[in-house]
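Visitor: My questions all concern the structure below.
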Amino acid sequence: MSRTPLIGMAAALALVTTTAACGSGAAETSQGGPPDVVAAFYPMQWLTQQVGGSDVKLTVLTAPGVEPHDLELGPQQVAMLDRAALTVYVKGLQPAVDDAVAQYGADKGFDAATAVKTLPLTDKSENTDVAYDPHVWLDPSRMATVATKLGERLATADPAHAQAYKDRAASTAAALGALDQEYAKALATCQTKTLVTSHAAFGYVADRYHLKQVGITLDPEQEPSPTRILEVAKLAKSEGVTTIFTESLVSPKVAEVLATEVGARTQVLDPLESKPDGDYLSAMRKNLDSLKSALRCS
Ligand SMILES: [Zn+2]
């Protein structure tokens with residue numbers, strides 16, 4: 001997306017200042033059409049599409065290919081968030097979204113992290129103010145819970161379509177439950193349980209399926225020290241690790257250095273922070289295939 005022209009920004013700013021004082025909380029649209037719902041980034045977009053269907057008018061804040069942690073909001077996006085009946089996000093993942101939701105009515109925010117049991121943040125590299133790990137969407141069972149609660153929330157915001165939201169939430173939760181079963185079955189018996197990754201986004205996968213995540217980088221502002229690389233290499237060797245995971249949005253350099261040290265290969269494991277080639281379910285299945293081969297599961 002190109003930069004907002006100045007005149008558009010001025011108009012959007014005026015909109016922000018005139019509507020901010022109203023603070024309307026309920027689902028209301030000026031034209032009486034479907035309620036505006038904002039999804040902060042891809043997994044919340046997918047979930048809102050599944051549960052909201054054609055009963056909501058969905059807008060996504062994070063464009064494909066953008067690193068969601070670093071998202072900054074333009075005035076028009078902030079204005080849209082102010083107009084929306086609901087913003088679906090994960091508090092702690094995107095500070096700019098957290099700030100905008102806090103400013104324009106937390107009563108219009110649906111924070112997926114509050115819907116599930118969170119894990120403590122172990123990777124200090126996440127640029128966040130919260131004490132928990134925000135990557136909750138990578139566990140299908142937690143996503144199923146989020147789907148159910150999102151259905152209830154949309155039903156409250158738009159009572160005319162309450163049953164449709166609840167029905168779609170139930171079928172989405174069922175699809176996620178089936179995915180959870182596939183993960184549990186496929187990862188039950190593996191030769192190694194250690195998952196070495198450049199971006200420690202997979203703590204919920206590790207928690208749910210009894211794996212152990214080792215993040216290479218502890219601070220994103222710095223390359224990991226040679227000491228850290230040797231430390232992880234030693235651990236990886238002793239635990240029979242043959243694959244170092246990397247991701248498409250960041251440079252694979254660190255993972256490659258480590259892989260050479262260990263005598264392992266690198267492979268992409270998608271944290272789904274940006275829109276994948278398929279959808280959430282197909283990308284999660286692709287991740288499962290990668291995990292199965294990397295951990296040598298039978
Ligand atoms: Zn992340």
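Visitor: Does Leu179 count as in contact (Cβ under 8 Å) with a residue 24 or more places away in the chain, farther than 21 Å from Tyr209 by Cβ and open to solvent by less than 20 Å² (accessible area, probe 1.4 Å)?
Guide: Working: in contact (Cβ under 8 Å) with a residue 24 or more places away in the chain: yes; farther than 21 Å from Tyr209 by Cβ: no; open to solvent by less than 20 Å² (accessible area, probe 1.4 Å): yes.
So Leu179 fails the test.
Visitor: Going residue by residue through region 163-174, is there one that turns out to be open to solvent by 60 Å² or more (accessible area, probe 1.4 Å), in a helix (DSSP H, G or I), in contact with a helix residue (DSSP H, G or I) (Cβ under 9 Å, 6 or more places away or on another chain) and within 19 Å of Tyr89 (Cα to Cα)?
Guide: no
Visitor: Can you list the helices (runs of 4 or more DSSP H) found entirely within region 184-298 that contain at least 1 residues being more than 16 Å from the ligand (Cβ to nearest atom) and small (Gly, Ala, Ser)? It would help to see each step written out before you state the result.
Guide: On the way: elements: 203-209, 226-238, 253-262, 280-295.
Correct list: 226-238, 253-262, 280-295.
Visitor: Could you please find all residues in region 43-74 being closer than 15 Å to Ala147 by Cα, in contact with a Lys or Arg (Cβ under 8 Å, 6 or more places away or on another chain) and either acidic (Asp, Glu) or open to solvent by 10 Å² or more (accessible area, probe 1.4 Å) (or both)?
Guide: Listed by number, the residues that qualify are Gln45, Gln50, Gly53.
Visitor: For region 226-249, what are the residues that are of a type in the set (Asp, Glu) and open to solvent by 90 Å² or more (accessible area, probe 1.4 Å)? Walk me through how you get there before you give the answer.
Guide: At the first step, the residues of region 226-249 found to be of a type in the set (Asp, Glu) are 231, 239, 247.
Once the filter is applied, which keeps residues that are of a type in the set (Asp, Glu) and open to solvent by 90 Å² or more (accessible area, probe 1.4 Å), region 226-249 yields only Glu231.
Visitor: Within region 112-132, does at least one residue satisfy the condition of being of a type in the set (Asp, Glu), open to solvent by less than 20 Å² (accessible area, probe 1.4 Å) and over 21 Å from Leu272 (Cβ atoms)? Steps first, answer last, please.
Guide: Start the filter on region 112-132 by keeping residues that are of a type in the set (Asp, Glu), which leaves 123, 126, 129.
From what's left, open to solvent by less than 20 Å² (accessible area, probe 1.4 Å): 123, 126.
Subset that is over 21 Å from Leu272 (Cβ atoms): none.
There is no residue in region 112-132 that is of a type in the set (Asp, Glu), open to solvent by less than 20 Å² (accessible area, probe 1.4 Å) and over 21 Å from Leu272 (Cβ atoms).
Visitor: Given the condition within 16 Å of the ligand (Cβ to nearest atom) and more than 25 Å from Ser248 (Cα to Cα), answer yes or no: does some residue in region 61-74 qualify?
Guide: No, every residue in region 61-74 fails to be within 16 Å of the ligand (Cβ to nearest atom) and more than 25 Å from Ser248 (Cα to Cα).
Visitor: With the requirement that a residue be more than 8 Å from Thr87 (Cα to Cα) and charged (D, E, K, R), what does region 97-110 give you? Break it down stepwise before answering.
Guide: Keep residues of region 97-110 that are more than 8 Å from Thr87 (Cα to Cα), which gives 97-100, 102-107.
Within region 97-110, Asp98, Asp99, Asp107 qualify.
Visitor: So which of Ala102, Ala113, Ala96 ends up being within 13 Å of Tyr204 (Cβ to Cβ) and either of a type in the set (A, V, I, L, M) or within 14 Å of the ligand (Cβ to nearest atom) (or both)?
Guide: The conditions single out Ala113.
Visitor: What residue, among those in region 75-93 that are within 16 Å of the ligand (Cβ to nearest atom) and open to solvent by less than 40 Å² (accessible area, probe 1.4 Å), is nearest to Arg142 (Cα to Cα)?
Guide: Val90
The values are calculated or read from the model by the stated rules, or taken from the named source; none is laboratory data. Since this is a predicted model, take the numbers as computed values, not measurements. So basically every Cβ, Gly included, is an ideal-geometry build from the backbone, and we count neighbours across all protein chains shown. What goes into the accessible areas is simple: the full protein's heavy atoms, side chains included, and nothing from ligands, DNA or RNA. Shrake-Rupley method; radii C 1.70, N 1.55, O 1.52, S 1.80 Å.
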